[in-house]
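Heads up: the structure comes next, in structure tokens.
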Amino acid sequence: MSALEQLRAVLAVASAAAREAGSVLLQHFGKLDPAAIHSKSAERDLVTAADVAAERRLVERLRASFPEHAIEAEEEVKDALDRRPRWFLDPLDGTVNFVHKLPAFSVSMGHYAWSERTHKLEPELAVVYIPLFGEMFTAIAGGGAFVNGQPLRVSPTTQLRDSILATGFPYRRNELEHNNLANFNRFFLDVRGIRRFGSAAMDLAYVAAGRFDGYWELHLSPHDVAAGALLVREAGGIVTDCDGGDDWLRQGHVVAANATLHPLIRERIVH
């Protein structure tokens, strides 16, 4: 079996697991017991019984199929850092939306492998599943990006004035020097629109699909961007950190757009 065929087999398992996790979320959607909603490190950073149940389903499926892989998930599972193939999981990206019965939430799964060439983990495949919309975004490194089997391409927009951008704000925004509000204002008068969906994985998937022309955000975690970043890259887009480097997975700051808009967005961002 070729390397590409092996990745396709892994993607099939991940896609099935994402659908199962999405079904778990839908069982909870609109039916949450307030007692099952808790705050984490910040008052606005919520976790629910749905997050935990969906993550456990993902972990169960991945452990069964790939026991040699490490898992780094948002809620409960964080395997030791090493050179094993690694899954970055966000079982419910958009928890605040979910709690408030807003339909913008997703399951995000990014699979990475150690590269002897770059001496770091590199993305190999991505799944972002939006259960209420029935959309399955997938990508394999070097194999393109797709939604429900249809190929994706980033927007051809070349001018900020014609663009719709997406961004988000950190939970601890009242504690941070750079909370992204000033950056928002730097774009506000010069673009067609700015959207704040509340799910970084969805934002990146929508950039890959050309629905958003660009996206930036600060203070993110690896599970927020691991899958979506590969979708954008495989759809022909550029993904960097805010300094134009390649440290977007762990640094927490990300800019994603087509090759023309990317530098126009990045040059306005202060972080």
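With only Lys, Arg, Asp and Glu charged, each at its Cβ (+1 for the first two, -1 for the last two), find how big the charge dipole of the range 160-266 is about the Cα centre; round to the nearest 20 debye.
The dipole of the range 160-266 has a size of about 340 debye.
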Q: Starting from the Cα gyration tensor of the range 3-151, multiply each eigenvalue by 5, take the square root, and state the resulting semi-axes largest first in whole Å.
A: 27, 18, 13
Q: Report ³J(HN,Hα) in whole Hz for each residue of the range 71-84, in order, from the Karplus equation J = 6.51 cos²θ - 1.76 cosθ + 1.60 where θ = phi - 60°; Gly and Pro get x.
A: 10, 10, 10, 5, 9, 10, 10, 9, 5, 4, 6, 7, 9, 5
Q.
Let me spell out the model: positive unit charges on the Cβ of Lys and Arg, negative unit charges on the Cβ of Asp and Glu, origin at the Cα centre of the chain. What dipole size does that give, in debye rounded to 20?
A. 520
Q: Pick out, in residue order, every one of the GluC sites (Glu not before Pro) in the range 167-271 that is DSSP loop and has at most 12 other C-beta atoms within 10 Å; say none if there are none.
A: Glu175, Glu177, Glu267
Q. If you place +1 on the Cβ of every Lys and Arg, -1 on the Cβ of every Asp and Glu, and leave all else neutral, what size is the dipole of the range 3-151 about its Cα centre, to the nearest 20 Debye?
A. 180
Q: Provide Trp114, Trp87, Trp216 in ascending order of the number of other Cβ atoms located within 10 Å of each residue's Cβ, fewest first.
A: Trp114, Trp216, Trp87
Q) In the chain, what is the count of Lys pairs whose alpha carbons are under 28 Å apart, counting only pairs at least 8 residues apart or on separate chains? A) 5
Q) What residue among Asp243, Asp51, Asp82 has the largest mean-square fluctuation in a Gaussian network model of the chain, using Cα springs under 10 Å? A) Asp82
Q: Rank the residues Thr240, Thr138, Thr95 as a footprinting-exposure proxy: fewest other Cβ atoms within 10 Å of their Cβ go first.
A: Thr240, Thr95, Thr138
Q. With the dipole of the range 95-191 worked out from charges on the C-beta (+1 for Lys and Arg, -1 for Asp and Glu) around the Cα centre, which of His111, Leu121, Phe137 lies farthest toward the positive end?
A. Phe137
Q) Roughly how many Å is it from the Cα centre of the range 139-159 to that of the range 177-215, as a whole number? A) 18
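Just want to confirm a number: the relative contact order over the range 160-266, from Cα pairs under 8 angstrom separated by 6+ residues, in percent. Don't jump to the answer; show the numbers that get you there.
Working: 197 pairs, mean separation 28.8, N = 107.
Averaging sequence separation for qualifying contacts and normalising by length gives 27 percent for the range 160-266.
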(Q) In whole Å, what are the extents of the chain along the principal axes defined by its C-alpha atoms, from largest to smallest? (A) 50, 49, 33
Q: Choose one of Val239, Ala209, Gln6: the residue whose Cα lies farthest towards the positive end of the charge dipole of the chain (beta-carbon charges +1 Lys, Arg; -1 Asp, Glu; about the Cα centre).
A: Ala209
Q.
How would Val154, Val99, Val128, Val147 line up from fewest to most surrounding beta-carbon atoms within 10 angstrom?
A. Val99, Val147, Val154, Val128
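With contacts defined as alpha carbon pairs under 8 Å and 6 or more residues apart, what's the relative contact order of the chain in percent? Present the calculation step by step, with values, prior to reporting the outcome.
Working: 605 pairs, mean separation 44.5, N = 271.
It comes to 16 percent, rounded to a whole number.
What FRET efficiency do you get for Asn148 and Ser221 if R0 is 25 Å and r is their Cβ-Cβ distance, rounded to the nearest 0.05?
On the way: r = 27 Å, r/R0 = 1.09.
It comes to 0.40.
Using a Förster radius of 30 Å, what is the FRET efficiency between Glu5 and Thr158 based on their Cβ-Cβ separation? Nearest 0.05, please. Display every interim value, and only then the final one.
Details: r = 38 Å, r/R0 = 1.25.
For Glu5 and Thr158, the calculated efficiency is 0.20.
Give, in nm to one decimal, the length gained when the segment between Asp243 and Leu189 is fully stretched (0.36 nm per residue of separation minus the Cα-Cα distance).
Working: separation 54, 0.36 × 54 = 19.44 nm, distance 2.35 nm.
Here the answer is 17.1 nm.
What GluC sites (Glu not before Pro) does the range 66-172 have in DSSP loop regions with at most 14 other beta carbons within 10 Å?
Working: sites: Glu68, Glu72, Glu74, Glu75, Glu76, Glu116, Glu124, Glu135; in loops: Glu68, Glu74, Glu75, Glu76, Glu116.
In loop regions of the range 66-172 (DSSP not H, G, I, E or B), the sparsely surrounded GluC sites (Glu not before Pro) are Glu68, Glu76, Glu116.
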Q. Which of the trypsin sites (Lys or Arg not before Pro) found in the range 80-155 are loop residues per DSSP with 10 or fewer other Cβ atoms within 10 Å of their Cβ?
A. Lys101, Arg117
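Taken together, the values in this text are just the output of simple stated rules run on the coordinates, not laboratory data. Computed from a predicted model, the values in this text were never measured in an experiment. Cβ coordinates were reconstructed from backbone atoms using ideal geometry, including for glycine residues, and neighbour counts include every protein chain displayed.
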